[in-house]
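Comments concern the structure below.
Just so it is clear, none of the values below were taken in a lab; they were calculated from the coordinates. Every value quoted in this text rests on a predicted model; they were computed, and no experiment measured them. In this analysis, Cβ positions are derived from the backbone assuming ideal geometry, glycine residues included, and neighbour counts consider all displayed protein chains.
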Amino acid sequence: MVWVEPEDGARNVMRDAIVLVRASTPVDPYCLAGIEVRDAEGRVPARLEISSDPCVVVWRPHRLLRPGVPHLVVVEGWRDGWGRRLPPFRGRFVSGPVAGVEQRGGTD
């Protein structure tokens, strides 16, 4: 993978965020099942699509991401249009809090 957004280590990611994955070459559309986002409860249900740029895949969640928790992005098993394996990727991001709810840190 060349680029993944949100980037590894991102914090306060919008709860309705999509994940964009850019490969160095056009992606084989038959290997799209190899991307998922997981939270503490497991795989987040989503729809996958190739953008108008065949090197970019869009992951769109079916629901809002759970607030304030880590999410693991896993991209593996991808091949390019010539059948060559693309390197796997694992990264993490943390979703933002629920709007209007203040998060507390430290001690009171």
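Taking amide H atoms as placed 1.01 Å from N in the peptide plane, list the residues 5 or more away in sequence, or in a different chain, whose amide H sits under 5 Å from that of residue 17.
For residue 17, whose amide H was placed from the backbone, the distant partners under 5 Å are 65.
Using the scaling law 2.2 N^0.38 Å as the reference, what is the normalised Cα Rg of the range 3-95?
1.03
Can you give me the long-range amide H partners of residue 46? Hydrogens built in the peptide plane at 1.01 Å from N, cutoff under 5 Å, separation of 5 or more residues or another chain.
62
Please go through the range 1-58 and write out the GluC sites (Glu not before Pro) that DSSP classes as loop and that have at most 10 other C-beta atoms within 10 Å. The partial results should precede the final answer.
Numbers: sites: 7, 36, 41, 49; in loops: 7, 41.
Of the GluC sites (Glu not before Pro), the ones in loops of the range 1-58 whose Cβ has at most 10 other Cβ atoms within 10 Å are 41.
When DSSP assigns beta bridges and you keep just the ones with both residues in the chain, what percent turn out antiparallel, to the nearest 5?
95 percent
What ³J(HN,Hα) values, in whole Hz, does the Karplus curve 6.51 cos²θ - 1.76 cosθ + 1.60 give for the range 87-96 when θ = phi - 60°, with x put for Gly and Pro?
The phi angles translate into x, x, 9, 9, x, 10, 9, 10, 6, x Hz.
Non-local amide H neighbours of residue 78 (under 5 Å, H modeled in plane, Pro and chain starts lacking H): which ones?
Close amide H contacts, sequence-distant or interchain: 86.
Give me the net charge of residue 81's neighbourhood, meaning all other residues with Cβ under 15 Å from the Cβ of residue 81; Lys, Arg count +1, Asp, Glu -1. Write out the running numbers ahead of the final one.
Numbers: positive: 22, 79, 84, 85; negative: 28, 53, 80.
Computed value for this residue: +1.
Taking 0.36 nm per residue of separation and subtracting the Cα-Cα distance, what length does fully extending residue 51 through residue 64 add?
2.5 nm
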